[in-house]
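First comes the structure, then the notes that go with it.
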Amino acid sequence: MATTIEAQTQAGTFKSAISATESCHFVSDFHVHEVNAAIARVKEHGGTISHDPSVVPGGQEIVHCLDAQGAAFGIVGPERS
């Protein structure tokens with residue numbers, strides 16, 4: 001979900017629970033110019049990719065990640081041409 005506030009795009013996603021021990025939660029997304037470069041930086045700093053890149057309606061590429069401490073976040077790339 002993305003909203004426009006004062007001409008700036010803010011994004012976040014709602015993650016549904018995938019198991020009985022995990023709760024639903026919001027995830028902060030970071031917009032990047034190059035998804036593959038961002039994935040490399042996540043891994044370089046001890047993070048992991050929890051869901052491989054996929055294209056969502058509207059054409060943007062998204063990736064779900066965990067940082068080195070286990071906090072979830074997303075990467076959002078430009079629309080694929």
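Computed values, structure above
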read-out: Per-residue ³J(HN,Hα) for region 70-77, Karplus 6.51 cos²θ - 1.76 cosθ + 1.60, θ = phi - 60°, Hz, x for Gly and Pro; value: x, 6, 7, 7, x, 10, 10, x
read-out: Under 5 Å, built H, 5+ apart or other chain: amide partners of HIS31; value: VAL76
read-out: Residue-by-residue Karplus 3J(HN,Hα) for region 27-32, coefficients 6.51, -1.76, 1.60, Hz, glycine and proline x; value: 10, 6, 10, 10, 7, 10
read-out: Interchain or long-range residues, amide H under 5 Å from GLY47's placed H; value: ALA68
read-out: Relative contact order for region 41-81, counting Cα pairs under 8 Å that sit 6 or more residues apart, in percent; value: 35
read-out: Residues ARG41 and ARG80, FRET efficiency given R0 of 22 Å [Cβ-Cβ distance, rounded to 0.05]; value: 0.65
read-out: Residue-by-residue Karplus 3J(HN,Hα) for region 42-48, coefficients 6.51, -1.76, 1.60, Hz, glycine and proline x; value: 4, 5, 4, 9, x, x, 10
read-out: Burial order of peptide ranges 39-50, 62-73 (average beta-carbon count within 10 Å, highest first); value: 62-73, 39-50
read-out: Full-extension gain in nm, SER28 to SER50, via 0.36 nm per residue minus C-alpha separation; value: 6.5 nm
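A short reminder: the numbers here are calculations on the coordinates, not readings from a lab. Quick caveat: nothing in here was measured; it's all calculated off a predicted structure. Note: ideal-geometry Cβ built from the backbone for every residue, glycine included; neighbour counts use all protein chains shown.
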